[in-house]
Amino acid sequence: MADSGKRVAVVGGGWAGCAAAVELAGAGCAVTLFEAARTLGGRARAVELHGRMLDNGQHILLGAYNETLRLLNRVGVDPKAALLHLPLQMRYPPASGGMDFVAPRLPAPLHMAAALLRASGLAFADKMALARFSSTARWMGWQLNVDCSVSELLERFDQTPRLVQLMWRPLCLAALNTPPERASARVFLAVLRDSLGAKRAASDMLLPRLDLHTLFPRAAAAFVEQRGGAVHCGAKVAAIEASGGGWQVEATGAAVGGACSLAFDSVVLAVPPPAAAALAPGLAESLSVFGYEPITTCYLQYDAGVRLVQPFYALIDDPETGRWGQFVFDRGQLDAGQSGLLSVVVSASLDAAALGQAALAQAIAQQLTEIFGLASPSWTQVITEKRATFSCTPGLPRPPVQTALPGLALAGDYTASDYPATLETAVRSGVAAARALA
């Protein structure tokens with residue numbers, strides 16, 4: 001594409017900001033990316049722990065994440081090599097008393113029918129309830145005219161308690177990071193449309209083999225710089241102001257020589273809603289509607305010979321008995337340099353995080369010992385993102401990427417979308433913001 005000649009500032013170097021910067025640079029814009037932190041990635045980044053680079057949280061992508069996969073290819077990252085592709089599944093360790101549900105690699109919808117027939121740990125009534133849910137949701141087009149909570153939707157569809165416990169609740173927590181009793185059924189159905197109701201390849205579950213910084217933000221920064229753009233980490237944008245048909249951006253930090261004021265034709269605000277509202281007070285009302293949910297990831301290092309039978313398992317959580325883990329991942333099956341390292345995820349983790357890091361790590365280690373018979377880990381590390389996602393509640397109004405202010409666009413996983421706060425939502429918003437401006 002020919003050079004547009006536009007000078008565009010992207011404020012925020014998370015996945016939304018990086019996606020916007022790549023799309024703008026590819027359209028021939030002169031891009032300057034400002035990130036207040038020392039590294040790119042935002043809430044999906046890598047951190048150095050115990051002498052290695054680990055993610056601040058474990059992520060699962062879907063084969064339906066078309067924009068994310070497209071941009072990975074665009075910046076030179078091969079999704080087939082960088083992501084472990086697994087069929088749609090909800091598998092529990094045999095000793096946990098859960099279920100084993102795996103979709104074989106058959107054309108849709110045969111893959112779901114076969115998974116249901118083969119599933120163990122579900123009674124006939126559970127399987128009939130799942131089949132009823134799927135057929136009714138397909139008939140509805142995976143849409144709701146009036147939003148409600150996920151719990152209310154499951155009651156309407158007459159789902160069994162065991163199926164709610166083993167399938168719907170963990171899927172809701174993992175996808176929306178909001179408990180079913182206050183999570184949006186409309187958004188939940190959109191996620192199920194692209195997993196349970198999708199083509200076989202679209203329903204695949206993709207686990208990053210690379211740390212999240214290497215997977216996209218680092219390659220995105222190189223892509224922008226190779227096209228004449230600039231990426232400034234450790235540069236905090238203190239103010240933006242409309243000026244002469246464009247925008248004046250004031251930034252501070254060593255990366256910009258202490259302080260600078262630069263002129264741009266357009267600006268993408270790819271920062272969380274509170275930061276965006278502070279920089280653009282005219283948008284504050286539409287950005288003040290969000291509540292937030294934490295996600296906690298606990299890393300546990302065992303002997304290098306420790307290896308789970310599967311790359312990841314669902315876990316039955318029960319806070320009343322001290323079982324907080326909801327999913328466990330064998331990092332050694334994703335990266336040979338992380339043998340014996342397990343990561344356990346707790347979504348919507350407000351109560352879990354309140355225990356404190358040491359107590360929560362001890363409880364999760366005990367949970368893994370009871371299920372897998374593991375000895376004590378040599379070290380543990382708990383990471384909690386306090387505002388990992390917005391609370392995905394029914395009827396929540398989410399702002400569009402285009403604003404009423406000329407030359408100013410929003411990007412972030414909170415913007416208008418039928419998806420919850422996921423990496424794909426962030427990437428889609430960045431691409432949409434870039435296209436609106438370029």
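For Ile295, enumerate residues with amide H under 5 Å from its amide H, sequence gap 5+ or separate chain, H modeled in the peptide plane.
Result for Ile295 returns Ser349, Glu385, Ala388.
Ratio of Rg to Rh for the chain, alpha carbon only, Kirkwood?
On the way: Rg = 22.0 Å, Rh = 22.6 Å.
Result for the chain is an Rg/Rh of 0.98.
Mind checking which of Leu342, Leu69, Leu110 has the largest fluctuation in a GNM of the chain, springs on alpha carbons under 10 Å?
Its mean-square fluctuation being the largest, the pick is Leu110.
Could you give the accessible area per residue of the range 310-438, probe 1.4 Å, as a whole number in Å²? Don't skip to the end; give the middle numbers.
Working: 4890 Å² over 129 residues.
Dividing the accessible area of the range 310-438 by its residue count gives 38 Å².
Report the label-to-label distance for Gln357 and Asn73 in nanometres (one decimal), using points 7 Å from each Cα along the Cα→Cβ vector.
4.1
Mind checking the full-extension length gain between Gln310 and Lys80? Use 0.36 nm per residue of separation minus the Cα-Cα distance, one decimal, nm. List each step's numbers first, then the result.
Values: separation 230, 0.36 × 230 = 82.80 nm, distance 1.91 nm.
Value of the extension gain: 80.9 nm.
Where both residues lie in the chain, what percent of DSSP beta bridges are antiparallel, nearest 5? Intermediate results must be reported in sequence, preceding the final value.
On the way: 54 of 71 bridges.
DSSP beta bridges in the chain are roughly 75 percent antiparallel.
For the pair Glu152 and Leu106, what calculated FRET efficiency results from E = 1/(1 + (r/R0)^6), where r is the Cβ-Cβ distance and R0 = 41 Å, to the nearest 0.05?
Working: r = 33 Å, r/R0 = 0.80.
That gives a FRET efficiency of 0.80.
Between Ala95 and Gln143, what length comes free when the chain is fully extended (0.36 nm per residue of separation minus the Cα-Cα distance, one decimal in nm)?
Details: separation 48, 0.36 × 48 = 17.28 nm, distance 3.70 nm.
So the extension gain works out to 13.6 nm.
If you add up the charges near Leu61, with Lys and Arg at +1 and Asp and Glu at -1, over every other residue whose beta carbon is less than 12 angstrom from its beta carbon, what do you get? Kindly include the intermediate steps, with their values, before the conclusion.
Details: positive: Arg209; negative: Glu67, Asp194, Asp204, Glu424.
Local charge sum for Leu61: -3.
Using Cα positions and a limit of under 26 Å, work out the lysines in reach of Lys386, with same-chain residues fewer than 8 apart set aside.
Lys236
For Ala37 and Leu262, what is the calculated FRET efficiency with R₀ set at 25 Å and r taken between the beta-carbons, to the nearest 0.05? Mind showing how you got there, number by number?
Values: r = 20 Å, r/R0 = 0.79.
Approximately 0.80, to the nearest 0.05.
Tell me, what is the per residue accessible area of the range 39-87 in Å², probe radius 1.4 Å?
On the way: 2040 Å² over 49 residues.
Using a 1.4 Å probe on heavy atoms only, each residue of the range 39-87 averages 42 Å².
Using the Cα centre of the range 50-135 as origin and beta-carbon charges of +1 (Lys, Arg) and -1 (Asp, Glu), tell me which of Gly63, Gly121, Pro104 is placed farthest towards the positive end of the dipole.
Farthest towards the positive pole: Pro104.
Based on DSSP H runs of at least 4 residues, each adding -39500 (n - 2.57), what is the mean residue ellipticity at 222 nm of the chain after dividing by all its residues, to the nearest 500 deg cm²/dmol? Mind showing how you got there, number by number?
Values: 15 runs with 134 residues, N = 438.
Counting only the DSSP helices, I get -8500 deg cm²/dmol.
Given the range 18-143, report the % of alpha carbon pairs whose separation exceeds 26 Å. Please list the in-between numbers first.
Numbers: 3752 of 7875 pairs.
Of the Cα pairs, 48 percent sit more than 26 Å apart.
Could you state the number of Å between the C-alpha centres of the range 1-65 and the range 246-314?
10
Note down the net charge around Pro79, summing +1 for each Lys or Arg and -1 for each Asp or Glu among other residues with Cβ under 15 Å from its Cβ.
On the way: positive: Arg70, Arg74, Lys80, Arg209; negative: Glu67, Asp78, Asp204, Glu424.
With Lys, Arg at +1 and Asp, Glu at -1, the neighbours total 0.
Using only the alpha carbon atoms of the range 245-357, find the Kirkwood hydrodynamic radius as the inverse mean reciprocal pair distance, in angstroms to one decimal.
Working: mean 1/r = 0.0544 Å⁻¹.
Computed over the range 245-357, the radius equals 18.4 Å.
Could you compute the net charge surrounding His232? Neighbours are other residues with a C-beta less than 14 Å from the C-beta of His232; K and R count +1, D and E count -1.
That works out to -1.
Can you give me the % of accessible surface on the range 104-244 that is carbon or sulfur? Probe 1.4 Å, all protein chains present, nothing else counted. List each step's numbers first, then the result.
Numbers: 3570 of 6360 Å².
Within the range 104-244, the accessible surface is 56 percent carbon and sulfur.
Return the lysines within reach of Lys199: Cα separation strictly under 28 angstrom, same-chain partners fewer than 8 residues apart disregarded; answer none if there are no such residues.
Candidates past the 8-residue exclusion: Lys80, Lys127.
Can you compute the modelled spin-label distance between Glu320 and Arg435, with each label point 7 Å from Cα toward Cβ, in nm?
The two pseudo-label positions are separated by 4.9 nm.
The values are calculated or read from the model by the stated rules, or taken from the named source; none is laboratory data. This one's a predicted model, so the numbers in the text were calculated from it and none came from an experiment. Please note: Cβ atoms are built from the backbone with ideal geometry, for glycine as well, and neighbour counts cover all protein chains shown. Side chains included, ligands, DNA and RNA excluded: accessible areas come from the protein's heavy atoms. Shrake-Rupley method; radii C 1.70, N 1.55, O 1.52, S 1.80 Å.
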